[in-house]
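**Q** One structure coming up, written as structure tokens, with questions to follow.
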Amino acid sequence: MRRLSRWIVLGPAALALGCGLTTQVRPVPRGTWGAEAAVSGPLVKLGGLLPVPLSTVGVRYGVAERADVAAHAHLTPLAFGVAGLDVGGSWLALEQSGAVPALSLGGRLYGFAQVLPGRATAPRAYLEVSPTVSYLLGERFLSYASASGLVQFAGGRPLWSLAVGEEVRLASWGLCLEARWYEPHSDTRFHAVDWVAAGARGALGVGLGVRYHFGGEP
């Protein structure tokens, strides 16, 4: 029963902190499609070290030479009776030049709504902005670092996170491994959920992503 009660607390917290998406480092080329799936989230101590498996699936489309749009469905929240979607995109503000990394700007608008019978509540909307620097080596290894800020329209303080990751490109496929530090400025010692933290600050998490680009290499 204690474990169940902690999962009840954990559910909404995980939805707010880790939405199951890995970083979209660079946009897909103009006029092409990309499909992607990811599992990510913070780590929690719950009878051992356990990742919160927040999962998403989605598509991207290149609308310009350096910009794309995207949409994702959030699958794990359905276990808590919550439907979730996001729409957004990314823009390559600066291209990689020699030793100077590329800079991209991403944004997402999230919507979550309770869908359990008899428990419908007003939808919650969030806006996320993420600048990312990246460096592509040998057309195969894409290293990146990113920061994200998430704002809830209903109020409350912004949520922050930092991430580093590596994407390996294999023809039309991309495989991504990401580490993320959620809420690095927050003291999590006295939270109801026992997060895996850096000292007593925030929560550490991991993410795995896979992408497929229709029309050749991204």
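**Q** Restricting attention to the range 81-116, which residues are modelled with pLDDT under 85 and crowded, with 18+ Cβ neighbours inside 10 Å?
**A** Val82, the sole residue that qualifies.
**Q** Follow-up. Of the conditions (1) surrounded by 14 or more Cβ atoms within 10 Å (Cβ to Cβ); (2) within 23 Å of Gly205 (Cα to Cα); (3) out of contact with any Pro (no Cβ under 7 Å at 6 or more places or on another chain), Gly156 satisfies every one except a single condition; which number is it?
**A** Gly156 satisfies all of (1) surrounded by 14 or more Cβ atoms within 10 Å (Cβ to Cβ); (2) within 23 Å of Gly205 (Cα to Cα); (3) out of contact with any Pro (no Cβ under 7 Å at 6 or more places or on another chain) except (1).
**Q** Could I ask something else about it? Could we say that Arg119 is part of a loop (DSSP other than H, G, I, E, B), modelled with pLDDT under 95 and within 29 Å of Gly81 (Cα to Cα) here?
**A** Yes, satisfied.
**Q** If you don't mind, another one. Taking into account only those residues within the range 164-218 that are on the phi > 0 side of the Ramachandran plot and modelled with pLDDT under 80, which is surrounded by the fewest Cβ atoms within 10 Å (Cβ to Cβ)?
**A** So, considering only residues that are on the phi > 0 side of the Ramachandran plot and modelled with pLDDT under 80, the one surrounded by the fewest Cβ atoms within 10 Å (Cβ to Cβ) is Gly216.
**Q** If a residue must be β-branched (Val, Ile, Thr), under 21 Å from Ala35 (Cβ atoms) and touching a residue at least 24 places away in the same chain (Cβ under 8 Å), how many such residues does the range 72-104 contain?
**A** 1
**Q** Follow-up question, since we're still on this one. Only one residue in Val100, Val115 is touching a helix residue (DSSP H, G or I) at 6+ places or on another chain (Cβ under 9 Å) and not aromatic (Phe, Trp, Tyr), so which one is that?
**A** Val115
**Q** Taking the criterion of being polar (S, T, N, Q), in contact with a strand residue (DSSP E or B) (Cβ under 9 Å, 6 or more places away or on another chain) and in a loop (DSSP other than H, G, I, E, B), would at least one residue in the range 127-136 satisfy it?
**A** Checked the range 127-136: no residue is polar (S, T, N, Q), in contact with a strand residue (DSSP E or B) (Cβ under 9 Å, 6 or more places away or on another chain) and in a loop (DSSP other than H, G, I, E, B).
The values are calculated or read from the model by the stated rules, or taken from the named source; none is laboratory data. In this text, all values refer to a predicted model and were calculated from it rather than measured experimentally. As a convention, Cβ positions derive from the backbone with ideal geometry for all residues, glycine included, and neighbour counts pool all protein chains shown.
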